[in-house]
Amino acid sequence: DRWTEQIVAAAAQGNIGATEGIADLLGYFSELIERRRTDPGEDMVSHLVQLGEDDVSILWVLGFAFTMVTGGNDTTTGLLGGSAVLLTEHRDERRRLLDDPGLLPNAVEELLRLTSPVQGLARTTTRDVEVGGTSIPAGDKVLLGYGAANRDEREFGPTAEAFDVGRDIARHLTFGYGAHHCLGASAARLQARIALEELLARCPDFSVDAAAGEYATGNYVRRHLSLPFSTRS
């Protein structure tokens with residue numbers, strides 16, 4: 001989590017911390033890769049290096065590990081923290097999940113929509129376009145607000161701001177779109193489903209104190225650094 005905070009929050013805090021975090025992360029995984037070549041385990045790095053040295057270079061595995069940590073750690077924790085807040089604030093929807101666990105996969109999509117851990121990302125226009133009366137020429141940088149799009153009434157109807165675990169969701173933009181669609185989308189969905197399934201089974205009356213929570217710094221990812229949790233409401 002320290003590496004994630006250093007690297008992802010670099011735009012808000014400066015690049016020195018990010019440089020240190022990247023160096024530490026790459027150093028750790030370089031040592032782990034070499035160790036797993038001779039002493040494999042059941043972890044992802046072991047599976048990658050065991051594909052064969054001719055096919056898998058250390059730089060390839062390092063790149064994969066870097067993407068996993070920087071792209072999949074803060075976003076998933078952001079989803080889980082935001083989900084805990086919504087399930088605390090909307091106990092009627094939580095009761096629906098407790099009464100019918102089969103709703104959980106659909107609830108995960110609704111939670112992805114409303115929490116939108118990645119609030120937005122920069123993209124480059126490939127052609128001239130007009131949005132809301134504003135002309136944007138090809139080649140300009142734009143910031144896509146995924147969090148706003150996921151609450152658009154034109155897509156999700158008049159109840160777009162509401163939390164509904166049974167909502168019919170054909171699509172959302174939490175994982176982006178097109179060539180930049182999140183590579184870890186399936187893993188994130190699986191992690192969220194299992195985590196929430198276990199949380200509701202073990203602590204059906206849990207609550208979190210959203211007002212006392214602390215958010216991480218950074219311009220794009222919305223996640224808690226801390227969120228007081230109680231097993232009872």
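The values are calculated or read from the model by the stated rules, or taken from the named source; none is laboratory data. Keep in mind that what you see is a predicted model, and the values were worked out from it rather than measured. Please note: Cβ atoms are built from the backbone with ideal geometry, for glycine as well, and neighbour counts cover all protein chains shown.
Modelled with pLDDT under 85, in contact with an Asp or Glu (Cβ under 9 Å, 6 or more places away or on another chain), closer than 30 Å to CYS203 by Cα and not in a loop (DSSP other than H, G, I, E, B) - does that describe any residue in region 55-73?
Yes, because at least one residue in region 55-73 is modelled with pLDDT under 85, in contact with an Asp or Glu (Cβ under 9 Å, 6 or more places away or on another chain), closer than 30 Å to CYS203 by Cα and not in a loop (DSSP other than H, G, I, E, B).
Pick from LEU143, LEU199, LEU225: which is more than 18 Å from ASP74 (Cα to Cα), assigned to a strand (DSSP E or B), out of contact with any helix residue (DSSP H, G or I) (no Cβ under 7 Å at 6 or more places or on another chain) and not hydroxyl-bearing (Ser, Thr, Tyr)?
Matching residue, one of LEU143, LEU199, LEU225: LEU143.
I'd like to check something: does region 122-138 contain any residue that is buried (at least 18 other Cβ atoms within 10 Å of the Cβ), touching a Leu at 6+ places or on another chain (Cβ under 9 Å) and not basic (Lys, Arg)?
no
Return the only residue of ALA187, ALA170, ALA179 being at pLDDT below 95, closer than 22 Å to GLY145 by Cβ and in a helix (DSSP H, G or I). Quick ask: steps written out before the conclusion?
Numbers: ALA187 fails: closer than 22 Å to GLY145 by Cβ; ALA170 fails: in a helix (DSSP H, G or I).
Only one candidate passes the filter, namely ALA179.
Quick check on my filter: what residues within region 164-188 are surrounded by 11 or more Cβ atoms within 10 Å (Cβ to Cβ), of a type in the set (Ser, Thr, Tyr) and out of contact with any helix residue (DSSP H, G or I) (no Cβ under 8 Å at 6 or more places or on another chain)?
TYR177
Confirm whether LEU227 is among the aliphatic types (A, V, I, L, M), touching an Asp or Glu at 6+ places or on another chain (Cβ under 8 Å) and over 17 Å from GLY120 (Cβ atoms).
For LEU227, the condition - among the aliphatic types (A, V, I, L, M), touching an Asp or Glu at 6+ places or on another chain (Cβ under 8 Å) and over 17 Å from GLY120 (Cβ atoms) - is met.
Would region 117-137 turn up any residue that is at positive phi and assigned to a helix (DSSP H, G or I)?
Scanning region 117-137 turns up no residue that is at positive phi and assigned to a helix (DSSP H, G or I).
What tally of residues in region 152-163 results from selecting those that are assigned to a loop (DSSP other than H, G, I, E, B) and either surrounded by 17 or more Cβ atoms within 10 Å (Cβ to Cβ) or hydroxyl-bearing (Ser, Thr, Tyr) (or both)?
Number of matching residues: 2.
Could you check region 33-53 and list, in sequence order, the residues that are part of a helix (DSSP H, G or I), surrounded by 11 or more Cβ atoms within 10 Å (Cβ to Cβ) and not acidic (Asp, Glu)?
Those that are part of a helix (DSSP H, G or I), surrounded by 11 or more Cβ atoms within 10 Å (Cβ to Cβ) and not acidic (Asp, Glu): ILE33, ARG35, ARG36, ARG37, MET44, VAL45, SER46, HIS47, LEU48, VAL49.
Collect the residues in region 158-170 that are free of Cβ contacts under 8 Å to residues at least 12 places away in the same chain and in contact with a Lys or Arg (Cβ under 9 Å, 6 or more places away or on another chain), keeping them in residue-number order.
THR159, ALA160, GLU161
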